Amino acid sequence: MISTSIIFRNGKNMETTFKTHWENLYTGKTEQEYSWFQPYPHTSIEFIEYFKLPKNARIIDIGGGDSHLVDALLQMGYTDLTVLDISAAAIEKAKQRLGDQALQVKWIVSDVNEFEPAAGQYDFWHDRAAFHFLTTEALVQHYVDIAQRAIRPGGYFVLGTFSPIGPKKCSGLDIRQYSRAAMHAVFAPFFRRIRCKEEAHVTPFQTTQHFLFCSFRRRRERLPLPII
Ligand SMILES: C[S@@+](CC[C@H](N)C(=O)[O-])C[C@H]1O[C@@H](n2cnc3c(N)ncnc32)[C@H](O)[C@@H]1O
């Protein structure tokens, strides 16, 4: 089993795990104190509208944290929603915010790299700023393998990461920036790229973070040749 539950040295040179990092971060802060906070996830919703997903589409938000994407999707009438996050505290915050509506959502506390979905379980997989924390080739390839298994052939995938002109760290952790070509190279064996969009995210502190979002469609067959 590959997981990101590994020990690293934090800014104070103390040993911690990624899970502890995120649990601490989501405890005792308001959403306005997170750089990634957005009151409404315009770009993600734009992709979902573009694909004209049916209201019963099986949708999962990977590393959803306490993002408002799930609120927006409930508001739009989507009925089969799952949010996965490594942090129980983040999920609890989202549940508290949604109140009774939280009962309409499946919540999973897990490291994405320990997630074992059934084959073809989802019609739409969304990830904004979780995948980019995977900084080793082994973790990246493990994620690709989980995503390609979980998304049904013909299903959709939207990925948002920091772009080559974006920050090099997120929440104090190292990340990998992606260009269109780099994202394509990682996912091309299993996914056909559809369209990409750059977004200049304005943080609650009025700074700008450059994101790249690309959408993909799960191929019916894996490409036989490696993509160079
Ligand atoms: C920068 S925040 C983005 C949150 C949300 N996607 C949004 O756009 O508001 C990254 C999120 O990914 C989660 N995360 C980080 N590494 C993860 C992993 N290996 N597995 C699952 N979730 C992870 C964190 O707990 C956090 O909620």
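Computed quantities for the displayed model
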read-out	value
Pairs with Cβ under 8 Å, 6+ apart, first in region 184-205 and without any contact (Cβ under 8 Å) to a residue 24 or more places away in the chain, second part of a strand (DSSP E or B) and of a type in the set (Val, Ile, Thr)	Ala200/Thr208; Val202/Thr208
Residues located in region 89-109, provided they are outside any strand (DSSP E or B) and touching a Lys or Arg at 6+ places or on another chain (Cβ under 8 Å)	Ala102
Members of region 72-97 found to be surrounded by fewer than 18 Cβ atoms within 10 Å (Cβ to Cβ) and of a type outside the set (Lys, Arg), listed by number	Ala72, Leu74, Gln75, Met76, Gly77, Thr79, Ala88, Glu92, Gln96
All positions within region 52-71 that are of a type outside the set (Val, Ile, Thr) and crowded, with 17+ Cβ neighbours inside 10 Å	Leu53, Ala57, Arg58, Asp61, Gly63, Gly64, Gly65, Asp66, Ser67, His68, Leu69, Asp71
Pairs where the first residue, in region 48-65, is more than 18 Å from Lys106 (Cα to Cα) and the second is aromatic (Phe, Trp, Tyr) and at pLDDT 95 or above, C-beta under 6 Å, 6+ apart	Phe51/Tyr156; Leu53/Phe124
Conditions (1) over 21 Å from Val70 (Cβ atoms); (2) of a type in the set (D, E, K, R); (3) surrounded by fewer than 17 Cβ atoms within 10 Å (Cβ to Cβ): number failed by Lys106	(1)
Considering residues of region 44-67 that are outside any loop (DSSP other than H, G, I, E, B) and near the ligand (Cβ under 10 Å from one of its atoms) only, the residue farthest from Leu173 (Cα to Cα)	Ser44
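The values are calculated or read from the model by the stated rules, or taken from the named source; none is laboratory data. Quantities reported herein were computed from a predicted structural model and do not represent experimental measurements. Note that we place each Cβ from the backbone using ideal geometry, even for glycine, and neighbour counts take in every protein chain shown.
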